[in-house]
Amino acid sequence: MNLEEASQICLKTQGSPFLSREATTSSLLPVGVAFLLWRDDVNEATSVIEKFKPSAVWLYAPHELNEYETWSKKIRSVSPDTQIWIQIGTVLEAETLSQSSEKPDVIVVQGAESGGHGRVEDGLGLITLFPEVADTLAESGIALVAAGGIADGRGVAAALSLGASGVAMGTRFLASKEARIDQGYQNAVIAATNGAVSTTRTLLYNHLRGEYGWPKPYSPRMIINKTFKDHQAGKPFGELKEMYDEAVQAGDSGWGQQGRRATYAGAAIGLVHGVKSASDIVHDIRREALAKIQSLQTGGL
């Protein structure tokens, strides 16, 4: 979905009970937009933000940490009420942002369990990383959102207990009715279990898809399939590329652990059991999280 389409949808849903009063009365477009700093052009991005004025801008993956300050300053110059969210995966990044002249409104703390592109060598699990980041930023006034390995209400309750103001989930929403992915991709996410052994971080699939340029610290977590196993067995890249391209042409059968296509997903795939609407996912997880918190308050386990 592009911002023009999102803008039209929001106009049609003015007054909807599913939108908060703030969303219907604010001059900001009630959506967020994300940019990869290593790839996207700051001037083009600023032009888009000035036109649509989204509620939040999510920034990630620069070549150098000082790029966050440059982007933040330019964004705020054209849309001062737009919140700036920055995703990090290390304590060092948190320390650097806390000393910036353009502090973000929100820092998303991404644990190593996450899907998509995360820290490949210096990442930590969320339950270890988040508390240290929270301690580091305790006096900063920056809100913290937890991400990575959260796919149900238990994970939300755990994140809140660590001090998170909220959570960000990716893999769980791959199995939503609104997800704009191939059916084979969605089936692969639902079928996979035991993320510790069924997923791995590798740039192999990026390269097979012709995608290069990610900064050195980042590598995506993928569901392991025949492509990766053949790579480990020593099959040449050229042969892997030929078979990968054939799998792309094969449609849904090209996905899954017996397939070959790139399937980005987090380590929490074993907690994703079926497809629901995005709204049902949110409501069910919120209900489960509240029940877990109440259980702990009354001495339950």
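Just so it is clear, none of the values below were taken in a lab; they were calculated from the coordinates. All values derive from a computational prediction rather than experimental measurement. All Cβ positions, glycine included, derive from the backbone under ideal geometry; neighbour counts span all protein chains shown.
Miscellaneous remarks
- Principal axis analysis of the Cα atoms in the chain yields extents of 53, 53, 43 Å, listed in decreasing size.
- Antiparallel DSSP beta bridges within the chain, as percent of all bridges there, nearest 5: 25 percent
- For region 110-191, applying the loop criterion from DSSP together with a ceiling of 15 other beta carbons within 10 Å to the GluC sites (Glu not before Pro) yields Glu121, Glu139, Glu178.
- Crossing angle, helix 3-12 versus the chain [Cα axis fit, 0-90 degrees, rounded to tens]: 60 degrees
- The long axis of helix 42-52 is offset from the longest Cα principal axis of the chain by roughly 60 degrees.
- P(r) histogram, all alpha-carbon pairs of region 240-288 included - 10 Å bins from 0, percent: 21, 35, 25, 15, 3
- Normalised contact order of region 183-270, rounded percent, pairs of Cα under 8 Å and 6 or more residues apart: 46 percent
- Translational diffusion coefficient (Stokes-Einstein; Kirkwood radius from C-alpha pairs) of region 3-148 at 20 °C, 1.002 mPa s, in µm²/s: 132 µm²/s
- Descending Cα extents along the principal axes, region 76-152, whole Å: 35, 24, 23
- Placing a pseudo-label 7 Å from each Cα along the Cα-to-Cβ vector at Glu121 and Arg286 gives an inter-label distance of 4.3 nm.
- With one equal scatterer per alpha carbon and no solvent term, the Debye-computed log10 I(q)/I(0) for region 194-301 at 0.11, 0.13, 0.14, 0.17 1/Å reads -0.50, -0.63, -0.70, -0.87.
- Between region 93-141 and region 232-301, the alpha-carbon center distance in angstrom: 24 Å
- Nearest 10 degrees, 0 to 90: helix 237-249 Cα axis against the chain principal axis: 70 degrees
- In percent, rounded to a whole number, the relative contact order of the chain is 16, using alpha-carbon pairs under 8 Å and six or more apart.
- Value at 222 nm in deg cm²/dmol, rounded to 500, when DSSP H runs of n ≥ 4 in the chain each add -39,500 (n - 2.57): -12000 deg cm²/dmol
- Highest-fluctuation residue, Ala151, Ala164, Ala291 considered, GNM on the chain with Cα pairs under 10 Å: Ala291
- For region 91-131, the equivalent ellipsoid derived from the alpha-carbon gyration tensor has semi-axes of 20, 10, 10 Å in decreasing order.
- Gained length - Thr136 relative to Asn66, 0.36 nm times residue gap less alpha-carbon distance: 23.3 nm
- As a ratio to 2.2 N^0.38 Å, the alpha-carbon radius of gyration for region 123-191 is 1.33.
- When the pairs Lys12/Lys292; Lys74/Lys241; Lys74/Lys216; Lys73/Lys276; Lys177/Lys226 are compared against a 30 Å limit on Cα-Cα distance, Lys12/Lys292; Lys74/Lys241; Lys73/Lys276 fall above it.
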